[in-house]
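Visitor: One structure follows; several queries about it will come next.
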Amino acid sequence: MLKERILQIASYIAKNSKVLDIGTDHGYIPLYLLQNKITDKITATDINSKPLLKAKNTLIDYKDLETLKFIKSDGFEQISDLKSYQYIIIAGLGGKTIEIILKNYQDKGYLILNPTNNEASLRKFLFENKFKIEDEKLIFENNIYTIIIKAKRQDKNLKYSKEELILGPILSKKNNKLINEYYYKKGIYYQNIFLKSKKIEHKELAKIYLSNNFK
Ligand SMILES: C[S@@+](CC[C@H](N)C(=O)[O-])C[C@H]1O[C@@H](n2cnc3c(N)ncnc32)[C@H](O)[C@@H]1O
């Protein structure tokens, strides 16, 4: 269990709000929310039965809690009262899977997203579907960088640039040591890939990541 990541996801959740945790797996995010008395109005879902059983086991101490629900569901498919959730957490899933899940989301709850990959593509999806990115955090834990995005649907169309998709519209403005290191490492990574591939897109990615480092 990555503690800092879960702590930072939980830091976005307002006290006593109603939370839907999509792809709960072991149920550690609901456990953190319950143990820290952030909220007990939680629905934990997973596409597979086994993880859902794991979650029930993790949350055994809370089994009599009426507001804690477990639902086997592919994304939002089996969630009947989707509008009632103030927060939707989709953490530890691939960016593309998160996009597929969000295609069916028309409401205005806060989205707390933690993609394991493809974050630029996910940001593009969010911008193009009027989900404004309100905050982003970069976590470095157990030698892994991971990004958490807080977003919410707006009524108006949103504009964005290629740099914002790659670096993150909020992350790129935070300018701290961890973020600069992350951009630098990504820049060097794409620079090395370009040396072999000679593909212009790799050169461009290296340039975007490295240029941000020296702002
Ligand atoms: C790596 S775990 C993430 C666990 C937890 N959310 C976390 O961040 O610590 C990913 C979980 O997502 C579930 N999952 C994958 N696709 C899903 C979908 N379309 N709908 C619901 N759950 C899904 C998997 O079964 C798995 O248990």
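The values are calculated or read from the model by the stated rules, or taken from the named source; none is laboratory data. Not measured: the values here are computed from a predicted model. Here the Cβ positions follow ideal geometry from the backbone for every residue, glycine too, while neighbour counts run over all protein chains shown.
Visitor: Condition test on Tyr28, is it hydroxyl-bearing (Ser, Thr, Tyr), more than 19 Å from Ser84 (Cα to Cα), at pLDDT 95 or above and surrounded by 18 or more Cβ atoms within 10 Å (Cβ to Cβ)?
Guide: Taking the combined requirement at face value, the residue satisfies it.
Visitor: Can you pull out every residue in the stretch 3-46 that is near the ligand (Cβ under 7 Å from one of its atoms), over 15 Å from Ile88 (Cβ atoms) and assigned to a loop (DSSP other than H, G, I, E, B)?
Guide: Asp25, His26 - these are the residues of the stretch 3-46 that are near the ligand (Cβ under 7 Å from one of its atoms), over 15 Å from Ile88 (Cβ atoms) and assigned to a loop (DSSP other than H, G, I, E, B).
Visitor: Pairs under 8 Å by beta carbon, first residue in contact (Cβ under 8 Å) with a residue 12 or more places away in the chain in the stretch 17-46, partner surrounded by fewer than 18 Cβ atoms within 10 Å (Cβ to Cβ) and acidic (Asp, Glu), six or more apart or different chains?
Guide: Leu33/Asp40; Leu34/Asp40
Visitor: Could you list all residues from the stretch 123-180 that are in contact with a helix residue (DSSP H, G or I) (Cβ under 6 Å, 6 or more places away or on another chain), under 26 Å from His202 (Cβ atoms) and of a type in the set (Lys, Arg)?
Guide: Matches in the stretch 123-180: Arg123, Lys124.
Visitor: Against the conditions (1) in contact with a helix residue (DSSP H, G or I) (Cβ under 6 Å, 6 or more places away or on another chain); (2) at pLDDT below 95; (3) within 22 Å of Gly23 (Cα to Cα), where does Asn212 fall short? Just the number, please.
Guide: Asn212 satisfies every listed condition except (3).
Visitor: Output the qualifying pairs, or none if there are none: Cβ atoms under 7 angstrom, residues six or more apart or on different chains, first residue in the stretch 64-78 and in the same structural domain as Ile88 (by TED's automatic domain parsing), second residue polar (S, T, N, Q) and part of a loop (DSSP other than H, G, I, E, B).
Guide: These pairs meet every condition: Ile71/Gln78; Lys72/Gln78; Gly75/Asn104; Phe76/Asn104.
Visitor: Look at Lys96 and say whether it is basic (Lys, Arg) and surrounded by 12 or more Cβ atoms within 10 Å (Cβ to Cβ).
Guide: So Lys96 passes the test.
Visitor: Taking the condition away from the ligand (no atom under 11 Å from the Cβ) and in a helix (DSSP H, G or I), does Leu52 pass?
Guide: In short, no.
Visitor: Return the total of residues in the stretch 68-86 being surrounded by 13 or more Cβ atoms within 10 Å (Cβ to Cβ), of a type outside the set (A, V, I, L, M, F, W, C) and within 19 Å of Ser17 (Cβ to Cβ).
Guide: 4
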